[in-house]
Amino acid sequence: MSDKITMYIDGRECSGQKGDTILEVAKKNGIDSIPTLCWMKGLTSVGACRMCVVEPHGADGKPSGRMLTACTSPAEQGLHVSTATEKLVDYRRQVLELLFAGRNHFCMFCSQSGDCDLQTLAINHGMDSVRYPYLYSEFENDTTDDRLQIDHNRCVLCQRCVRTCSEKVGACTLGLKKRGWVTTVKADFGKDMGDSDTCVKCGACAQVCPTGTITLRELAYRGRRKNCDAVVDTICPICTAGCSIRVYVRTGSVVRVEGTNVDGPDGGQLCVKARFGLPKSTEQPRVTRPMIRVGSKFKESNWEEALELVGSKLKEGATSGEMGALISSIATDEELAVFASFKEAIGKIKTDSYESRVLRGFYRGIRPFSAQGVRPFTAAHNILSADVIVVMDATPQESMPIAASFIRVAVLHKGAKLIYVGSGKSPFTGITDVEVKDLSDPKVADIMKSAAKPIIILGKPLLRNHTFVTKALNFAVRNRAFFDDGLAIVPMLGHSNALGALNTVLADEPWIDTGEQDFLYVYSSGLVKESSLVLDSMSRAGFTVVQTPFLLPPMTNMADVILPAPAWFERSGHLCTLEGERRQVAKILPPIPGLKGFGEVMQILCDKMGVKMGVPSTSPCENVFTSKISPDQAKPVEV
């Protein structure tokens, strides 16, 4: 029996699936005449605002006079509804007037005026006055949190924030306090936001708020979305999750970053690093011209002089010294490919990534399984499909916040069991079923007996040791932990293009923490702080070149030559994400005048060395996502 249904909206035949709501059928068929306020794609429908009411027809084929909320009412075969009768328009206008009378919605005093769903609905429904008395009391404006503020005077109790925090972020921080006219949204059963123990500071509640109730304090007055000069969809450059983001640009500056993938598992949420960190990063002091060290200070130079000096030092290192290069794993595939080609042309130079210890341990640990032809990891969103989640010495909220959200949602909403394996306490307080020191603990075996879709999260401390990585993969194989795309291992690798760096610039043997380099080239994104390992290597180098977008000590203070580089918002290219896709990075703003890209600088240095830079033999994403056999055919290996 087919699940397809046919119904009629404003006389138009519309197709849908059994189980769809009336609103979902309308959306699928391109009908946008049903207004909404509390409804949001991807969240559970609650029918709180009553704006989406429609009028079903009776047996005589005429509107029946009854009203149904389209977001919660199921579509039925042969159902006829009207969406814009005079009665419906009048009813919606009354609902809006009651909402405006219930709280302080004087638009001229609100930071979100012109960027507010409630205001837009009022304008669209011709509401130019309120017939009802203003009966509200004065509510508090919660400014206790350093990033968010909640002005309860502007809340319409749509519960978008509550549902997002629970169903997408999994933090379950927000809820309703009291009832009736005095209901407010509070944290942790009545706490102010600044006193919350569970809030992860992601800002998702502010993005979904349809009024000026929850706002981001730093971004509230930077410009309305519709008044921005440009809106660019791209990929977050911070971690390997590769979340889709929308960047708003005004007067040449990044003023807001939001999540866009509402159809995806993450529901369009972003972590604190992306939502707040990316706009903040654009305010850092830029390196606009090459600079050369003279004694304890730097003098501004030009590209010709700076690259002539770098070229001469590169020649010295090539003939009689040791040379090395450290490349940020936030570099794009194209930048990594250029450097791979540069390395092959120069020949002698050693390369590595900022996260070399983590990547090298991971690579050596997965190599026996890659040799079998199986992909030794899986996409992070598969956490949502797991019934047992084994977190091994990992802190996903720090390494990959979206993975932490997936874990919380899987446990709280889908009934997954959570096992924490590590020497410390589980970072998932209150929802961890078992905490053990080692996988050999009998408690682990008891839970794994009934596991149908287990998944393992590997933290950075374990990834540094290839033996632990191999043991974890063996555990996955023996417990039938796999998904269609690979073995059920989610590594917390860190930076956005760690997989691409692993395949191009990662050294076979460690050299950063041993020996001294006569010449050291450091390519930085300026988005993350350099580790002590990188800084120590720079301090031991005879001559150091730093190419970076931002003037960030102590790294730039340790350089002999500082070269400008494109910032994350000035470049385009691709990233190899943990989700199994090579995703495109879009250019958001034009580069600063006179800037030379990484590829151009490498080409000039090759010319000065008298060598030709060809096509690299290894592509950053080559074989990263390849799986020649089904994951269920993988075999355990000897450790």
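Odds and ends about this structure:
- For residue 453, a cut-off of 14 angstrom between C-alpha atoms picks up these aspartates and glutamates, skipping any fewer than 8 places away in its own chain: 387, 484, 485, 632.
- All Cα pairs of the range 131-185, percent lying beyond 13 Å: 67 percent
- For the range 1-45 versus the range 367-426, the gap between their alpha-carbon centres in whole angstrom: 35 Å
- The range 27-154, relative contact order [Cα under 8 Å, separation at least 6], %: 19 percent
- Pairwise FRET efficiency - residue 305 versus residue 626, Cβ, R0 = 51 Å, nearest 0.05: 0.65
- Å² of accessible area per residue within the chain, as computed with a 1.4 Å probe and no ligands counted: 42 Å²
- Using equal-weight Cα scatterers in the Debye expression, the normalised intensity of the range 20-179 in log10 at q = 0.10, 0.13, 0.20 Å⁻¹ is -0.43, -0.72, -1.40.
- Euclidean distance between Cα centres, the range 513-546 to the range 468-502, Å: 29 Å
- Working from label points 7 Å from Cα in the Cα-to-Cβ sense, the residue 480 to residue 615 distance is 4.5 nm.
- Options 601, 580, 155, ranked by Cα towards positive dipole end of the chain, top entry (Cβ charges): 155
- Averaging 1/r across all pairs of distinct Cα atoms in the range 295-364 and inverting the result yields a Kirkwood radius of 14.3 Å.
- Per the Cα gyration tensor, the range 1-101 maps to an equivalent ellipsoid with semi-axes of 22, 17, 10 Å, ordered largest to smallest.
- Compactness of the range 275-434, expressed as Rg and Dmax over alpha-carbon positions, Å: 22.8, 63
- Available extension along the chain between residue 263 and residue 370 is 35.3 nm, counting 0.36 nm per residue and deducting the alpha carbon span.
- Percent of Cα-Cα distances greater than 44 Å, calculated over the chain: 31 percent
- Each Lys and Arg adds +1 at its Cβ and each Asp and Glu adds -1 at its Cβ; summed about the Cα centre, the range 399-536 shows a dipole of about 960 debye.
- If you plug the beta carbon distance of residue 508 and residue 437 into 1/(1 + (r/R0)^6) with R0 = 35 Å, you get a FRET efficiency near 0.60.
- Rounded to the nearest whole Hz, the Karplus-based 3J(HN,Hα) values (6.51 cos²θ - 1.76 cosθ + 1.60, θ = phi - 60°) of the range 634-639 follow the sequence 5, 10, x, 10, 6, 9, with x at glycine and proline.
- q = 0.09, 0.12, 0.15 Å⁻¹: log10 I(q)/I(0) that the Debye formula gives for the range 508-639, counting C-alpha atoms only: -0.40, -0.69, -0.99
- Sequence-distant contacts, meaning Cα pairs under 8 Å at least 6 residues apart, place the relative contact order of the chain at 13 percent.
- Its convex hull of Cα atoms gives the range 366-444 a direction-averaged projected area, equal to a quarter of the hull surface, of 6.0 nm².
- Where 453, 297, 612 fall by accessible area, highest first, once all protein chains stay in place (1.4 Å): 612, 297, 453
- Close amide H pairs (under 5 Å, H built 1.01 Å from N) link residue 418 with 389, 433, 434, residues at least 5 positions away or on another chain.
- Estimated inter-spin distance, residue 607 and residue 143, nm [label 7 Å along Cα→Cβ]: 5.7 nm
- With a cut-off of 13 Å between beta carbons, the residues surrounding residue 488 carry a summed charge of 0, where Lys and Arg count +1 and Asp and Glu -1.
- Part-to-part distance (alpha-carbon centres) for the range 79-106 and the range 563-639, which is given in Å: 53 Å
- Solvent-accessible area, 1.4 Å probe, carbon plus sulfur percent, for the range 3-135: 50 percent
- The modelled label-to-label distance for the pair residue 253/residue 57, using points 7 Å beyond Cα in the direction of Cβ, is 5.6 nm.
- The gain in end-to-end length when the residue 449 to residue 90 segment is fully stretched comes to 123.3 nm, 0.36 nm per residue minus the alpha carbon separation.
- When Rg and the Kirkwood radius Rh are both evaluated on Cα atoms of the range 373-418, their ratio Rg/Rh stands at 0.98.
The values are calculated or read from the model by the stated rules, or taken from the named source; none is laboratory data. Worth saying up front: this structure is predicted, and the values here are computed from it rather than measured. In this analysis, Cβ positions are derived from the backbone assuming ideal geometry, glycine residues included, and neighbour counts consider all displayed protein chains. Ligands, DNA and RNA are excluded from the accessible area calculation, which covers all protein heavy atoms including side chains. Shrake-Rupley method; radii C 1.70, N 1.55, O 1.52, S 1.80 Å.
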